[in-house]
Amino acid sequence: MRRRFAIKVIVPLLLGASLAVAGYAAGRNEVDPGPARFLSSLELRAKPQWFGGFSAISVAADGQKVVLLTDRSHLLEGVIERQADRISGLLVHSHNQLRNRKGQTMTSGRDSVDSEGLALAPDGALFVSFEGQARVSRYNSHRSAAQDLPRPKAFRVYEDNKALEALGIDSHGQLYTVPENSPGDQFPVWRWDGARWEQPFSISKYDGYLPVGLDIGPDGRFYLLERKFVWIGFRSRLRRWDLSEEGLTNETELLRTGLAAHDNLEGLSVWRTATGGLRATMVSDDNFMPFQRSELVEYHLPN
């Protein structure tokens, strides 16, 4: 048992040490930050074949501890390293692959692909949203069997590759999820109150952007990361609303990037620094393509 434990710890540490740092080239591409201000970015590289396809991120309140999820159900825990308030490295401490309802490692099949959204509950449980079969699963720990939440009929009509892309959790433990695409001129927002799913409100669609990540910030507001593919690259947009039981109000566009300013940003985590500033840390999905890149990107947000 001790030998197996040592292997599990040593291998990820070597992985963390092998991550290459690539700085952001200022002025390389157009960025229209609006109220947001760019801070830093870091390109992530590692040798394992499973490394890449990052679809979700959760950064702890200290701005260092981080959990990353890939769209092939791999979960990484680590620490974001910083120098002069800029991201300088990522040290991965542990890695495992999520399990299905039977407690078996997800290796192939419809239930393992397209793990897209990630939300960490106050009690330590994890929630993951999937596109392959549109659903949200609860995990009591990183290595426990999946417990699928009930699926309303509406989830079953979403396209496999356009389903529950974004997932977040509020301070009361209520989950929110948004499909990447849906009919009509609104994106439905679904809320899980611990017993059932309901659709209390919707979000307007415009300019061809599609939801890919969401978070309920430490300020209690609703943040939505969206992307737009334009043949040779991606544009990203970040919107924010005040959140109440009645719905979403006071929409603010915080960020809209120029074409290929960043790669395919999909994961979003909003947190507050020790001095009270708001940060948005995002991660990109390279789709396991050699011409794309995995990167951590960070912006300062207005309060």
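Each value in this text was obtained by applying a stated rule to the coordinates, not by laboratory testing. The model shown is predicted, which means the values in this text are computed figures rather than measured ones. Neighbour counts run over all protein chains shown; Cβ positions are idealised from the backbone, glycine included.
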Expected 222 nm ellipticity per residue - DSSP helices of 4 or more, -39500 (n - 2.57), all of the chain, to 500 = -2000 deg cm²/dmol
Cβ charges +1 (Lys, Arg) and -1 (Asp, Glu), total dipole of the range 181-303, debye | 220 debye
Per residue and in Å³, how big is the convex hull formed by the alpha-carbon atoms of the range 189-271?
-> 107 Å³
Applying 1/(1 + (r/R0)^6) with R0 = 35 Å to the Cβ-Cβ distance of residue 275 and residue 249, what FRET efficiency is obtained, to the nearest 0.05?
-> 0.80
For residue 213, list long-range residues whose amide hydrogen, built 1.01 Å from N in the peptide plane, is under 5 Å from its own amide hydrogen.
-> 225
Given that compact globular proteins tend to follow 2.2 N^0.38 Å, what is the ratio of the alpha-carbon Rg of the chain to that value?
-> 0.94
Obtain the nm distance between the two label points defined at residue 230 and residue 303 by a simple spin-label model: each point lies 7 Å from its Cα along the Cα-to-C-beta direction.
-> 3.4 nm
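Let me make sure I get this right: for the range 54-178, a, b and c are the square roots of the gyration tensor eigenvalues over alpha carbons, sorted descending. Under 1.5 in a/c it's rounded, otherwise prolate if a/b > b/c, else oblate. Which is it?
Working: a/c = 1.82, a/b = 1.61, b/c = 1.14.
The shape class here is prolate.
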Please give, to one decimal in nm, the separation of the simple spin-label points placed at residue 93 and residue 147, each 7 Å out from Cα toward the Cβ.
-> 2.5 nm
